[in-house]
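Comments concern the structure below.
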Amino acid sequence: MSLKQRTFISLDDIQAVEYECPACDTRQLTALAKFKEVPANCPACRKEIISTSNRDSSKASDWVAVDGFLKALKEIQGRRLTALRLEISAE
Ligand SMILES: [Zn+2]
């Protein structure tokens, strides 16, 4: 018999979001409690951090998807939905 350990987090476990510039590797950490909007450009080199376009024009940009996800996460955290957990990779 083999055992597999599974690891879950609650949405309240997520405390902050970190952005890393693909051009200069500058990192920017924002507490989710203070999150307002995904930054469009790197504060150091001004290059785009998350694409504001999409190769598939019928889909939203990466920026819209990420910004919407983080805003929804923050909203859900405020609702204290304790019945919901996410499984994460243990590797
Ligand atoms: Zn940069």
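Any read-out appearing in this document is the output of simple, stated calculations on the displayed coordinates, not a laboratory observation. If you're wondering where the values come from, they're calculated on a predicted model, not measured in any experiment. So basically every Cβ, Gly included, is an ideal-geometry build from the backbone, and we count neighbours across all protein chains shown.
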Worksheet item: Looking at the chain, which longest stretch skips every one of the trypsin sites (Lys or Arg not before Pro) that is in a DSSP loop with at most 14 other Cβ atoms within 10 Å, leaving the sites themselves out?
Response: 7-35
Worksheet entry | Extension gain (nm, one decimal) between residue 71 and residue 84, 0.36 nm per residue minus Cα-Cα | 3.0 nm
Fill in: Helix axis angle, 62-78 relative to the chain longest principal axis, alpha carbon, degrees
40 degrees
Worksheet item: Between residue 20 and residue 2, what length comes free when the chain is fully extended (0.36 nm per residue of separation minus the Cα-Cα distance, one decimal in nm)?
Response: 2.7 nm
Practice prompt. Return the calculated 222 nm mean residue ellipticity for the chain, to the nearest 500 deg cm²/dmol, obtained by summing -39500 (n - 2.57) across DSSP H runs with n ≥ 4 and dividing by the residue count.
Written response: -6500 deg cm²/dmol
Worksheet item: Can you list the aspartates and glutamates whose alpha carbon is less than 17 Å from that of residue 36, not counting same-chain residues fewer than 8 positions off?
Response: 18, 62, 67, 75
Worksheet entry | aspartates and glutamates whose Cα lies under 13 Å from that of residue 71, excluding same-chain neighbours fewer than 8 positions away | 37
Fill in: Neighbour cut-off at most 11 other Cβ (10 Å), DSSP loop, GluC sites (Glu not before Pro), segment 1-56
37
